[in-house]
Amino acid sequence: MSVEKPLDKVIITCAVTGAIHTPTMTPHLPITPDQITEAAIGAAEAGASILHLHARNPETGQPDQTPEAFARFLPRIKQGTNAVINITSGGSPFMTVEERVQPAAQFQPEVASLNMGSMNFGLYPLLNKYKEFKFDWEKTHLEASRDLVFRNSFKDIEYVLETCYGNGTRFEFECYDISHLYNLAHFADRGLVKPPFFVQSVFGLLGGIGTHPEDILHMKRTADRLFGDQFRWSVLGAGASQMRIAAQAAAMGGNIRVGLEDSIWAGKGILAKTNAEQVVLARKIIEGLGKTVATPDEAREILSLKGGDQVAF
């Protein structure tokens with residue numbers, strides 16, 4: 001009788017709200033603390049072992065990176081599920097790194113995201129899809145991305161690492177392009193990050209790598225060459241590419257990230273009503289390939305995490 005190894009398991013991360021989509025784009029975007037809590041717990045019950053969290057202003061839906069905003073839902077989500085909680089340090093591209101790191105520094109989660117390089121971050125093509133907006137900030141937010149560089153300098157990355165590593169927090173290294181993998185290798189060579197590296201490859205954001213199957217292969221081949229068996233690979237596809245890229249990556253031995261941060265869809269022209277709906281779709285892909293979805297504790301083992309009892313919330 002064979003024993004399944006942890007590495008045979010596929011980790012599903014769910015990013016429940018993010019800072020990209022705005023309330024006009026979908027009525028199902030979680031905005032209030034109650035909605036974010038419900039969405040996160042629902043995603044975990046559907047099979048997500050990691051919950052990637054942002055906060056928003058409950059009145060307008062604007063991204064809110066204050067620790068106070070996170071405090072309104074973090075303890076409730078922790079009480080409602082055993083899932084690993086991953087707090088963003090990316091926040092919104094319009095914020096400074098000092099603002100962005102505050103929640104992860106204060107709450108000391110098992111995982112925090114860390115963007116691995118500066119990039120153009122173009123959301124403005126979405127203006128072509130929506131003629132009217134619920135809130136004034138939405139149109140301004142999208143238009144401003146025409147002249148936006150999402151700053152993640154070497155100094156910024158060092159700042160996040162120095163602020164969080166003493167807390168035992170490990171990182172979801174978000175890599176939007178091939179150069180970001182080389183940046184991670186640079187920090188590994190300096191001994192500032194320790195394996196296993198949780199590499200989240202991001203495909204389809206304007207300013208980053210595209211969504212062609214060759215782009216996914218190129219990202220994986222480069223990571224294999226740089227990190228060998230010292231990393232765990234996950235992917236997220238933006239928008240309509242979400243499930244196609246998830247399927248390709250899962251077939252290649254990767255892990256999957258879904259959620260309304262990355263895509264508001266649950267099929268062609270069909271808005272996802274919940275984050276859990278996308279988790280179920282991801283689960284079907286994984287199980288259809290003869291693989292098994294990792295539990296939260298299996299994800300902790302695979303990624304060498306400190307445990308849910310070691311956080312500060």
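Nothing in this text is a laboratory measurement; each read-out follows from the coordinates by a stated rule. Computed from a predicted model, the values in this text were never measured in an experiment. We place every Cβ from the backbone using ideal geometry, glycine too, and count neighbours over all the protein chains shown.
Brief remarks follow.
- For segment 25-58, a tally of residues being of a type in the set (Ser, Thr, Tyr) and in a helix (DSSP H, G or I) returns 1.
- Selected residue (criterion: farthest from Gly237 (Cα to Cα)) from residues of segment 257-291 that are within 18 Å of the chain's Cα centre (by Cα) and of a type in the set (Lys, Arg): Arg283
- From the list Ser234, Ser263, the one residue that fits, being in contact (Cβ under 8 Å) with a residue 60 or more places away in the chain and within 30 Å of Phe70 (Cα to Cα), is Ser234.
- Of everything listed in (1) surrounded by 15 or more Cβ atoms within 10 Å (Cβ to Cβ); (2) at positive phi, the single unmet condition for Arg151 is (2).
- Sole exception among (1) free of Cβ contacts under 8 Å to residues at least 60 places away in the same chain; (2) part of a loop (DSSP other than H, G, I, E, B) for Gly61, by number: (1)
- Residue match in segment 84-92 (condition: part of a helix (DSSP H, G or I) and touching a residue at least 40 places away in the same chain (Cβ under 8 Å)): no
- Residue in segment 157-170 that is under 18 Å from Leu205 (Cβ atoms) and not basic (Lys, Arg) present: no
- The conditions of being in contact (Cβ under 8 Å) with a residue 24 or more places away in the chain, of a type in the set (D, E, K, R), closer than 25 Å to Glu277 by Cβ and touching a Gly at 6+ places or on another chain (Cβ under 8 Å) are not met by Lys9.
- Matching residues in segment 276-313 - criterion: being closer than 22 Å to Met25 by Cα and assigned to a loop (DSSP other than H, G, I, E, B): none
- In summary, Glu68 fulfils each of the numbered conditions (1) free of Cβ contacts under 8 Å to residues at least 12 places away in the same chain; (2) part of a loop (DSSP other than H, G, I, E, B) with the single exception of condition (2).
- Of all residues making up segment 202-225, the number that are touching a residue at least 40 places away in the same chain (Cβ under 8 Å) and closer than 18 Å to Asp262 by Cα: 6
- Residue list for segment 246-275, restricted to those being surrounded by fewer than 24 Cβ atoms within 10 Å (Cβ to Cβ), among the aliphatic types (A, V, I, L, M) and not in a strand (DSSP E or B): Ala247, Ala250, Ala251, Met252, Ile264, Ala266, Ile270, Ala272
- Residues satisfying the stated conditions in segment 130-148, i.e. in contact (Cβ under 8 Å) with a residue 60 or more places away in the chain and loosely packed, with under 13 Cβ neighbours inside 10 Å: Glu132
- Residue within segment 63-76 that is under 19 Å from Arg300 (Cβ atoms) and in contact with a Cys (Cβ under 9 Å, 6 or more places away or on another chain) present: no
- Residue check, Thr222 assigned to a loop (DSSP other than H, G, I, E, B) and farther than 24 Å from Arg300 by Cα: no
- Criterion: touching a Gly at 6+ places or on another chain (Cβ under 8 Å) and either among the small types (Gly, Ala, Ser) or buried (at least 21 other Cβ atoms within 10 Å of the Cβ) (or both) - qualifying residue of Gly204, Gly191: Gly204
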